[in-house]
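Chemist: Next up is a structure, given as structure tokens.
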Amino acid sequence: MPNSPTSTAVADRLIDAMVSIGRSAQRSSRLTMDRGSYFLLGVLQQRGQLRLTGLAEAADLDVSTTSRHVRQLEGQGLVVGHADPADGRAKLFTLTPAGEETMRRARAERRQLLTERLGAWSADDVAALERLMTRLANEVGQSTFHPCTPLLDKDSDDQRENQNPTRARNEQHG
């Protein structure tokens, strides 16, 4: 694609499509939180308890931005911080049951949106979309945590490794 005469146009259309999908999901959601907060909840759901610096790093955000979001999430009862047993000066943050429920509802809403939109597609088209989107997410996710990862079911490590082999390889070697 980089040497293709249409690479800029194709990239622009793909970016526009991804932004449109994200906006549609945001508009149809009954959740009243900004994308940054939702993303941080997803990181905590996927990774478990993290220090603020670890959360910021995993989300590829500035610590001050992460801190602001975490304060809001704590105020909403979605995240709780407790002393890190390894270093009492630091806090470990984790999802509360309300935070877990928020993520469960968000996933159900997104699943419903996709089910409705893809209902008229052929099985082959849906399979091709899944294969290509997973490939793109894995390519993008090679260098950083990406938004697709928290949407995987938390209770299935095998499923997570099968759907994100790049991350599974990185976890084995890092």
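All of the numbers you see were taken from the coordinates with simple rules; none came from a lab. What you are looking at is a predicted structure, and each value in this text was computed from that prediction instead of being measured. Positions of Cβ are backbone-derived with ideal geometry, glycine not excepted, and every protein chain shown enters the neighbour counts.
Chemist: Compute the distance in nm between two label points, each set 7 Å from the Cα along the Cα-to-Cβ direction, one at Ser20 and one at Ala90.
Modeler: Computed distance between label sites Ser20 and Ala90 equals 4.4 nm.
Chemist: Based on the mean of other Cβ atoms within 10 Å per residue, sort peptides 122-128, 80-86, 59-65 so the most packed one is first.
Modeler: So the order, starting with the most tightly packed, is 59-65, 80-86, 122-128.
Chemist: In Å, what is the Rg of the alpha-carbon atoms in region 36-152, and how long is Dmax?
Modeler: 16.5, 55
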